[in-house]
Amino acid sequence: MTTFADLGLSQKVLSAVADAGYSIPTPIQSGAIPPALQRRDICGIAQTGTGKTASFVLPMLTLLENGRARARMPRTLILEPTRELAAQVAENFEKYGKNHKLNVALLIGGVSFEDQNRKLERGADVLICTPGRLLDHCERGKLLMTGVEILVIDEADRMLDMGFIPDIERIAKMIPFTRQTLFFSATMPPEIQKLADRFLQNPERIEVAKPSSTATTVTQRLVASHNKDYEKRSTLRELIKAQDDLKNAIIFCNRKKDVADLFRSLERHGFSVGALHGDMDQRSRTTMLQNFRDGNIQLLVASDVAARGLDLPDVGHVFNFDVPIHAEDYVHRIGRTGRAGRSGRAFTIVTKSDSKHLDAIEKLITQKIEWENGDLSNLPAPMESFESSKPRKGKDRDRDRDKGRSRRPSSGHKSDTQEWDNPVETQDVPVAVKADTLKTERKAAEKPQNSQRHQRPNPANDDLRDRRSRYNRDRDDGPTPVGFGDDIPAFMLIAANAKA
Ligand code: AMP
């Protein structure tokens, strides 16, 4: 069996690896480290969780032992698609480079240019960047790339998804042709292969796991749901509650906006939850991740940015709130659980409109995923909204259907429509008020509100109270309409058939 000592790494590196508790290299490490040490280009096809980071960090540390950095002229450059990944690589340099005195600079967005400049002035042995921030520094004339001996392009397929390829091409042109290039990708679609062909010279190709493979230790299940967001949230809550052994979980959404909405909803329902997506500033993201790692937060709602490369070794469950649009993302998402031989569970909420994407996933992973509690044909009736619980008159029903949109009231008055036009505010609230009743009801509702100070016993209030409590019980706690807080005005609780 190959050991780290067989790979040609320096004593300093071997000692740090031993201190980290690793004795046996992973397949990507034993495949990539020896040729990397011989200054060969590498094309590594490996998913996160395979020990990929150490497969380039360890040989880089060994090679960097000879020579020193000059001001503003980094010796090596690592490109990462996200800030989190860049920060994790920096942590790896700290861990494995503890016996070295190397200057590692992290250039990522959300951190001040000043601090980063100071590091660059001291001379960086290792520069770890997201492409945009690196180009910003170059444009400010603060960096000279002509001293770069090793270029690492990590997570190339993610770079492609995120539109970074033109940036990477610009960066690569600034670096001497004689450099060594280490290129890693979890998948190798044709566009990535073309890129690899352009950047690499006679590379050693190491493929450690089929990009489409999912760990056998992960139990995968599909869960049928109606497709309204509040229905999906209810399905998710039931699913979470049904797990006896839920230690922690990542919940993936396709869109950033849904991350925020779902996070708020789960929080309101009393779950221990945090959120992670690309729009958060660096400090909040780092704090959030640390809290999740430390077990202070049980559930982490995340977008796909968080799906790749994050070193969260002990995730028990993955919930896909949405079926991912790109089939490879499914593999990455569920790769967050079942790591290092542990068992994990991955649930995907599926609605009728997801069949195309689900088919693509099953094709990619070459297996059919089992349904947890019956497929879409066995779904119970949708959750009741106020309106759907009452028979609606033909004219109104037809008008809604023709408009093909949610049953929002329309009004010529700008401030009225503003409240309703914001999808964040309205999308989840299963309350329906007919357009033509709204104006009248609003006017009517203003009066009792104004005269509440002089409230007289009114039998209608009992009815209103009932409706309010029924509303509060029935609705999913999605975002509350702005301006109302939790105190929903009376007019919004008037049943749809008030005029009927
Ligand atoms: P990565 O694929 O780089 O994200 O690494 C995934 C996890 O594997 C990290 O927690 C590493 O610390 C860990 N790891 C890296 N190399 C080894 C190894 N040789 N043996 C066991 N674990 C490792």
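The values are calculated or read from the model by the stated rules, or taken from the named source; none is laboratory data. Treat the numbers as computed from the prediction; the structure is a model and nothing was measured. Glycine gets a Cβ as well: all are built from the backbone with ideal geometry, and neighbour counts include every protein chain shown. Note: areas computed on protein heavy atoms with side chains; ligands, DNA, RNA excluded. Shrake-Rupley method; radii C 1.70, N 1.55, O 1.52, S 1.80 Å.
Averaging the Cα positions of each part gives two centres, and for region 40-64 and region 107-181 these lie 18 Å apart. Placing a label point 7 Å from the Cα of R68 along the Cα-to-Cβ line, the residues of region 77-111 whose backbone N sits under 18 Å from it are 99-105. FRET efficiency for the pair N227 and D197, taken as 1/(1 + (r/R0)^6) with r the Cβ-Cβ distance and R0 = 56 Å, rounds to 0.85. Applied to region 21-35, the Karplus parametrisation 6.51 cos²θ - 1.76 cosθ + 1.60 on θ = phi - 60° returns per-residue 3J(HN,Hα) values of x, 9, 10, 10, x, 6, x, 5, 5, 5, x, 8, 5, x, x Hz, with x for Gly and Pro.
Here the extension length gained between S272 and E94 equals 61.0 nm, from 0.36 nm per residue of separation less the Cα-Cα distance. Remark on N320: its backbone amide H falls under 5 Å from those of F252, F347, T348, I349, a criterion applied only to residues 5 or more positions apart or on other chains, H modelled at 1.01 Å from N. How would you classify region 1-67 from its alpha-carbon gyration tensor, with a ≥ b ≥ c the square roots of the eigenvalues: rounded for a/c under 1.5, else prolate if a/b is greater than b/c, otherwise oblate? Because a/c hits 1.5 or more and a/b fails to exceed b/c, region 1-67 counts as oblate.
Temperature 10 °C, viscosity 1.306 mPa s: under these conditions the Stokes-Einstein estimate for region 126-190, based on its Kirkwood radius over C-alpha pairs, is 127 µm² per second. The trypsin sites (Lys or Arg not before Pro) found in region 314-371 that occupy coil by DSSP, while having at most 16 further C-beta atoms within 10 Å, are R342, K368.
Size of region 218-378: Rg and Dmax of its alpha carbons, in Å, are 14.6, 45. For Q220, the amide hydrogen comes within under 5 Å of the amide hydrogens of A346, counting only partners 5 or more places away or on other chains and with H modelled in the peptide plane. Seen through its C-alpha gyration tensor, with square-root eigenvalues sorted a ≥ b ≥ c, region 4-207 comes out oblate because a/c lies at 1.5 or above while a/b is not bigger than b/c. The shape of region 56-105 can be summarised by an equivalent ellipsoid whose semi-axes, obtained from the alpha carbon gyration tensor, come to 18, 14, 9 Å from longest to shortest.
When a 1.4 Å probe is rolled over the protein heavy atoms, the share of accessible surface on region 31-168 that falls to carbon and sulfur comes to 46 percent. First compute the accessible area of region 218-378 with a 1.4 Å probe, then give the percent of it belonging to carbon and sulfur atoms. For region 218-378, the apolar C and S fraction of the accessible surface comes to 45 percent.
Each of the peptides 230-237, 167-174, 17-24 was scored by the mean count of other Cβ atoms within 10 Å over its residues; in descending order, highest first, they stand as 230-237, 167-174, 17-24. For the pair S343 and R255, a Förster radius of 30 Å applied to the C-beta separation gives a FRET efficiency near 0.50, rounded to the nearest 0.05.
For a test of the definition: using alpha carbon positions, the gyration tensor, and the 1.5 limit on a/c, classify region 165-247 as rounded, prolate or oblate. Prolate.
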